[in-house]
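Visitor: Sharing a structure below in structure tokens format, with a few things to ask.
The values are calculated or read from the model by the stated rules, or taken from the named source; none is laboratory data. Since we're looking at a predicted model, the values are computed, not measured. Glycine gets a Cβ as well: all are built from the backbone with ideal geometry, and neighbour counts include every protein chain shown. Accessible surface areas use protein heavy atoms only, side chains included; no ligands, DNA or RNA. Shrake-Rupley method; radii C 1.70, N 1.55, O 1.52, S 1.80 Å.
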Amino acid sequence: MHVPDGFLSAGVAASSWAAGASCLAWALRAERSEPEGTPAGTLGALAAFTFAAQLVNVPLLPGTSGHLVGGTLAAAIVGPWRGLLVMAVVLAVQALLFQDGGITAYGANLLAMGAAGALGGYAVSALVARLRPGVRGLVAGPVIGAFAATLTGAGFIALALAASGLYPLAAVLPLLLSLHVPIALLEAALTGAILATLARWRPDLLHGLQGSRSGHAPAWGLLVLALALAAFAAPFASGLPDGLETAASRLGFAAAARPLWPALAAESPGWLAIGRAGSALAGLVGTLVAATLAWALTRRLGPARAPEPHR
Amino acid sequence: MSPGRVLLTGLALSVIAALAPAGLGAEPVPSWSWLAWLGAFAVGALRFRRGGSTAAQLARRIVWLLPFVLTLALPAALLAAHGARSTAALALVARSLAATTAAAGTAFVLGPLGLTRGVRELGLPERLALMLEAALVALASMLARTRAMLRARAARRGRDSAWGLLLRHPLATLAGFGRFGAALLLRTLERAEAQERARLARGAGAP
């Protein structure tokens, strides 16, 4: 999902950098105001772990592999703001030292993987944890959160590529969303598997979600889920003109309208389209599998017990 | 030149190269774009050389990106105007590789230590600079540990392929991944906690 340099326009790169920097400034301020500080060394080590965990590539489709991104996992362990800081460091190391993701695309990558995972995924996790109290909710929440966050990030990347004039949105959004369903399931499965093991060995480490059952995070979770649903349902939107279009047509100023971003309004070419039922079906099947994963991974969770040896 | 300036010039070159017009939206590729890409690539390659790298090492570092770059560039070039598709494809690939080389050469010549000094000189918030430093310090041992754990895991798997195991025992294989990740995470956090305790014992201040 890392966008390399050279594929985002100046406007999109600058606005995503500005949005990413605002998120980081907000995270630093929010983190400073929290009563219990986490040493920078611990957060840096968590960033190094996230980076190393991303090395474990799993083959998904022919010619495609996926790996853990880790934003929702980090947020479940250290909270959303620290999770975002961890992801900012991971993405900076990747962009600077390993050329994985571009410098100009850093803002977009931070929003798509850092903010979507650590903030969006966390909000969905908090919503699920509120509905399902106990340690099972603390694991099932991030499973659903990681799934939703990966698709939200893919949707954001599709928007950024379309706004940069690279592809028409009508083609690239369903294509990227459908391709990211298996990647989102992998993210959900790995996040859940790691958290389920941690819940058995060291449940005290899962304190990122502990304070989330009150506050606004669950409401934001509903918003993220609604956005993900809207992205998959968009191809089914009616092609009939809306109220404003009808009025404009009757009053005779419809022809004066110009698209704000021509690339966003472009028609989808046939060879790039996957069919409007395709992406919705992929989203539906993916959501069902993610829910099953959340159930299966938390089925045997009970009280904490002594650590098992790593096998 | 100070690390901050080296970093700043490298990043500026990378940004100029990444944003130079590449023939999208039926516009021709201006000649200054090709010059900017050539310049960014040359400076990046020179910095690699100054850092003690060979041309083969530079190529290895950049070439692995080609599948990602081509995946984005080729379909986008098909959407370009008729007659300009091959130029747009070439320009997109050149733009991405030039910007990447400029940034990669800068990071290579600075090294991890110079990089953290550079970001401090550029005014990155101290908290983020400390985290970046800690991540870079932990990274080498973490990567070695992960590779060793992956080798051990592959050896325990025997003749079974990863997919074969996943298809026959999906939950057990997933739980194995969970144990792998959780063990790595616990070792990481425990090591960081021990380092923090040692730092405090030596009389250092709060984080």
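Visitor: For segment A:39-152, give me every one of the helices (runs of 4 or more DSSP H) that falls completely inside it and has 2 or more residues that are at the interface with chain B (Cβ under 10 Å from one of its Cβ atoms) and surrounded by 23 or more Cβ atoms within 10 Å (Cβ to Cβ).
Guide: A:40-53, A:71-78, A:80-97
Visitor: Related question: Tell me yes or no: at least one residue of segment A:184-205 is free of Cβ contacts under 8 Å to residues at least 24 places away in the same chain and out of contact with any helix residue (DSSP H, G or I) (no Cβ under 9 Å at 6 or more places or on another chain).
Guide: yes
Visitor: Of all residues being hydrophobic (A, V, I, L, M, F, W, C) and crowded, with 24+ Cβ neighbours inside 10 Å in segment A:13-38, which is farthest from the chain's Cα centre (by Cα)? Just the residue, please.
Guide: A:Ala13
Visitor: Given (1) at pLDDT below 80; (2) away from chain A (no Cβ under 11 Å), where does B:Pro28 come up short, assuming only one miss?
Guide: Result: B:Pro28 passes all but (1).
Visitor: Follow-up. Inside segment B:22-53, can you point out the residues that are of a type outside the set (A, V, I, L, M), within 30 Å of B:Leu79 (Cα to Cα) and in contact (Cβ under 8 Å) with a residue 24 or more places away in the chain?
Guide: Matches in segment B:22-53: B:Gly23, B:Pro28, B:Ser33, B:Trp34, B:Trp37, B:Gly39, B:Phe41.
Visitor: Restricting attention to segment A:73-124, report how many residues are within 11 Å of the chain's Cα centre (by Cα) and closer than 19 Å to B:Leu185 by Cβ.
Guide: 6
Visitor: Could you tell me how many of the residues in segment B:1-25 are more than 13 Å from every other protein chain (Cβ to nearest Cβ), in a loop (DSSP other than H, G, I, E, B) and modelled with pLDDT of 85 or more?
Guide: Number satisfying all stated conditions: 1.
Visitor: Now a separate question. Do you know which of the residues in segment B:117-127 that are surrounded by fewer than 21 Cβ atoms within 10 Å (Cβ to Cβ) and in a helix (DSSP H, G or I) is farthest from the other protein chains (Cβ to nearest Cβ)?
Guide: My answer is B:Glu121.
Visitor: Same structure, new question: Looking at segment B:78-112, which of the residues that are more than 10 Å from chain A (Cβ to nearest Cβ) and under 16 Å from the mean Cα position of the chain (by Cα) is nearest to B:Ala20 (Cα to Cα)?
Guide: That would be B:Gly105.
Visitor: Could you grab me the full set of residues in segment B:26-35 that are assigned to a helix (DSSP H, G or I) and either open to solvent by 60 Å² or more (accessible area, probe 1.4 Å) or outside the structural domain of B:Val109 (by TED's automatic domain parsing) (or both)?
Guide: B:Ser31, B:Trp32, B:Trp34, B:Leu35
Visitor: Shifting gears a bit: Quickly run through segment B:36-56 and pick out the residues that are open to solvent by 80 Å² or more (accessible area, probe 1.4 Å) and of a type outside the set (A, V, I, L, M).
Guide: Selection gives B:Phe41, B:Arg49, B:Arg50.
Visitor: Confirm whether B:Ala152 is more than 7 Å from chain A (Cβ to nearest Cβ) and buried (at least 20 other Cβ atoms within 10 Å of the Cβ).
Guide: Against the criterion (more than 7 Å from chain A (Cβ to nearest Cβ) and buried (at least 20 other Cβ atoms within 10 Å of the Cβ)), B:Ala152 does not qualify.
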